[in-house]
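For reference, the structure discussed in these notes is given below.
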Amino acid sequence: MDERVHICNNPALQEKLTILRDKDTSDRKFSELVGEMSPLLAYEAMAGIPTEEVEVMTPLASAKGRRIGATIALVPVLRAALGMVEGIRRLMPNLRVYHLGMFRDEETLTPQWYLNKLPPVLSSDGIYFLLDPMLATGNTAVAALVELKERGAKRITYIGLIAAPEGVANVLKHFPDVHIFTAALDDRLNEKGYILPGLGDAGDRQYGT
Ligand code: URA
């Protein structure tokens, strides 16, 4: 396996993924699981981020501690990644969140933009977590990564729930320095660009549409 692809095998995460895939899981439960799985993945993905030493006073004495020493932003692709945001914010409260809106043209499988809340210039020493639950063709991820890079982002990590080999190859071909964190690498895409076995449409299943 490519060292840039991190498949997180934590049993708690894998059990949640199994319930998430099940076609009989309700919308409500599905959303809850997306919210619970995302910080588990982010926890793995944030392992290498810089920290700085700080001092706090306990009731008894001063103690050395550490806090995150970098500007971090989440970049969720609407609408499916919306459910990933809050859980990760609980892990890293001082985050910025820059929403991107893209939907997939079902015929060409190309992303169509409708929202881009990235600031014109991004800090080159910031750490950016691109969020999208399903890395399918990779076309949406590549479009988002182009925007992030053009605005100055250097360190970008992709976090998703399920990836297809086609999407992983597409992202790594265009952005060899991006790391991908996912709970599963599935078999392939079907002719409509859905991941097999996957879980269906992550947006529809969260919002019952
Ligand atoms: N988007 C989804 O929601 N599911 C897929 O399988 C592929 C793209």
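The values are calculated or read from the model by the stated rules, or taken from the named source; none is laboratory data. The structure displayed is predicted, hence computed values, not measured ones. Ideal geometry is used to build each Cβ from the backbone, glycine not excepted, and the neighbour counts take in all protein chains shown.
Brief remarks on what is shown
- Just one residue in the set M57, M37 is within 15 Å of the chain's Cα centre (by Cα) and at pLDDT 95 or above; that residue is M37.
- Taken over region 139-167, the residue count meeting the criterion of being under 13 Å from the mean Cα position of the chain (by Cα) and within 13 Å of the ligand (Cβ to nearest atom) is 6.
- The set of residues in region 169-195 that are over 15 Å from A80 (Cβ atoms), touching a Leu at 6+ places or on another chain (Cβ under 8 Å), more than 12 Å from the ligand (Cβ to nearest atom) and part of a loop (DSSP other than H, G, I, E, B) comprises F175, V178.
- Lone qualifier among G203, G198 - being in a loop (DSSP other than H, G, I, E, B), surrounded by 16 or more Cβ atoms within 10 Å (Cβ to Cβ), at pLDDT 95 or above and not hydroxyl-bearing (S, T, Y): G198
- Residues in region 142-173 that are surrounded by 20 or more Cβ atoms within 10 Å (Cβ to Cβ) and polar (S, T, N, Q): T157 alone.
- Where N139 falls short, out of the listed (1) surrounded by 18 or more Cβ atoms within 10 Å (Cβ to Cβ); (2) polar (S, T, N, Q); (3) out of contact with any Pro (no Cβ under 9 Å at 6 or more places or on another chain): (3)
- Considering residues of region 174-185 that are in contact with a helix residue (DSSP H, G or I) (Cβ under 9 Å, 6 or more places away or on another chain) and farther than 22 Å from S26 by Cα only, the residue surrounded by the fewest Cβ atoms within 10 Å (Cβ to Cβ): H174
- The strands (runs of 3 or more DSSP E) falling completely within region 7-109 that include 2 or more residues that are buried (at least 18 other Cβ atoms within 10 Å of the Cβ), out of contact with any His (no Cβ under 7 Å at 6 or more places or on another chain) and touching a residue at least 12 places away in the same chain (Cβ under 8 Å) map to 72-78, 100-104.
- For E166: the one exception among (1) under 18 Å from L100 (Cβ atoms); (2) assigned to a helix (DSSP H, G or I); (3) touching a Gly at 6+ places or on another chain (Cβ under 7 Å): (1)
- Among the conditions (1) assigned to a loop (DSSP other than H, G, I, E, B); (2) free of Cβ contacts under 8 Å to residues at least 40 places away in the same chain, D125 misses just one, which is (2).
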